[in-house]
Amino acid sequence: DATGLVVSFGEMLIDFVPTVSGVSLAEAPGFLKAPGGAPANVAIAVARLGGRCAFLGKLGDDEFGRMLAAILRDNGVDDSGVTFDAGARTALAFVTLRADGEREFMFYRNPSADMLLTEAELNLDLIRKAKVFHYGSISLITEPCRSAHLKAMEVAKEAGALLSYDPNLRLPLWPSAAEAREQILSIWDAADIIKVSDVELEFLTGTDSVEDEVAMRLWRPSLKLLLVTLGDKGCKYYTKEFHGSVESFTVKQVDTTGAGDAFVGALLGKIIEDQSALQDEKKLRELLRFANACGAITTTKKGAIPSLPNLSEAMQLMER
Ligand code: ADP
């Protein structure tokens with residue numbers, strides 16, 4: 001296909017976010033429903049910016065699952081890869097940023113529908129249409145979804161898609177930190193494009209520095225592009241031929257949830273139109289400026305999906 005398609009694989013769930021910030025989960029007077037799940041956020045980010053995107057994953061055959069599927073469709077995301085589990089429920093997460101600055105999580109996943117996606121349920125025709133196949137790590141934690149994830153990667157690669165990986169560490173979901181690190185790095189070599197945050201870079205390399213030599217420990221000859229996001233400081237990029245950094249935009253930050261997903265969505269939506277930025281530093285820097293703008297806008301409003309920008313919002317910030 002001339003315009004290309006991003007297929008984003010993984011979990012979609014509902015985050016319950018306290019109506020009041022800076023409280024523990026037990027102290028929260030009430031919660032707001034916020035649709036989330038990094039791979040779903042990325043899919044919606046691509047579509048909202050005008051790119052073609054499909055989401056591949058499993059939801060519960062319950063009201064939350066149907067609500068999430070409707071959110072995908074309403075945002076222009078192809079949901080033909082979504083399946084519904086008759087028995088298990090849609091995943092739920094309770095998330096708060098406490099007054100001490102620590103994030104507190106509680107999950108309903110015992111197991112949730114997303115964890116029960118099987119290889120047999122994968123829409124292989126859809127995967128084969130992908131120009132970019134994007135995924136995270138949460139779907140690697142348990143079977144049968146783990147096997148489905150690995151199979152989907154294999155099929156996408158065979159069909160000639162670029163593989164894009166955002167490990168999106170959610171440490172409380174893993175049995176241990178050591179296992180998280182091992183599993184995340186076990187699929188490192190398959191990817192063409194990897195985006196990590198500075199926090200993930202530290203976690204994966206075991207140092208508290210974002211120096212180039214630390215990032216280079218995560219470099220592989222099979223990679224085409226490694227990105228490290230640095231919050232309000234923008235991002236760093238590494239390819240075989242060149243590396244550097246691109247500053248972000250000054251905005252009034254309200255809630256950073258989804259900024260990384262907006263950044264990835266902006267990047268992938270452009271890559272399916274034109275892959276030459278992977279070899280051309282000037283083009284790549286322009287693209288990353290756009291991705292930074294999309295990340296920055298996402299921090300100016302509460303929640304992930306409600307704050308993902310459309311193209312005109314992104315253009316406005318870039319021209320300011
Ligand atoms: P993640 O959500 O994965 O932790 P970051 O918080 O680093 O990722 O944000 C992703 C991108 O969004 C950054 O690289 C940057 O371009 C942009 N961004 C995030 N926070 C801000 C901010 N406060 N001001 C401007 N840009 C931001």
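Every read-out reported here was derived from the displayed coordinates using simple, explicitly stated rules and does not represent laboratory data. Model, not experiment: these values are computed from the prediction. Don't worry about glycine lacking a Cβ; one is built from the backbone with ideal geometry, like all the others, and counts go over all protein chains shown.
Odds and ends about this structure:
- For LEU13, the residues whose amide H sits under 5 Å from its own are GLY36, GLY37, ignoring neighbours fewer than 5 places away on the same chain, with H placed 1.01 Å from N.
- A DSSP coil position with no more than 13 other Cβ atoms inside 10 Å describes none of the trypsin sites (Lys or Arg not before Pro) in the stretch 15-88.
- Modelled spin-label separation between MET315 and LYS233, with each label point placed 7 Å from Cα along the Cα-to-Cβ direction: 3.3 nm.
- Here is the list for the stretch 239-320: GluC sites (Glu not before Pro) lying in DSSP coil, each with at most 10 other C-beta atoms within 10 angstrom of its C-beta, are GLU241.
- Shape class of the chain from the Cα gyration tensor (axes a ≥ b ≥ c, square roots of the eigenvalues): rounded, since a/c falls below 1.5.
- Antiparallel DSSP beta bridges within the stretch 185-320, as percent of all bridges there, nearest 5: 60 percent
- Footprinting exposure proxy for LEU317, LEU267, LEU311, LEU171 (fewest neighbouring C-beta atoms within 10 Å first): LEU171, LEU311, LEU317, LEU267
- Sequence-separation-based contact order of the chain, relative, with Cα cut under 8 Å and 6+ spacing, percent: 17 percent
- Centre separation in Å (Cα based) which lies between the stretch 108-181 and the stretch 212-233: 21 Å
- Computed over the stretch 1-90, relative contact order equals 30 percent, with contacts defined as Cα pairs under 8 Å that lie 6+ residues apart.
- Classified by the C-alpha gyration tensor, the stretch 165-320 has an oblate form. Its axis ratio a/c, with a ≥ b ≥ c, is 1.5 or above, and a/b does not exceed b/c.
- For the chain, the antiparallel share of DSSP beta bridges with both residues in that region comes to about 40%.
- Listed by chain and number, the lysines placed with their C-alpha closer than 19 angstrom to that of LYS301 are LYS33, LYS233, LYS252; residues fewer than eight positions away on the same chain are left out.
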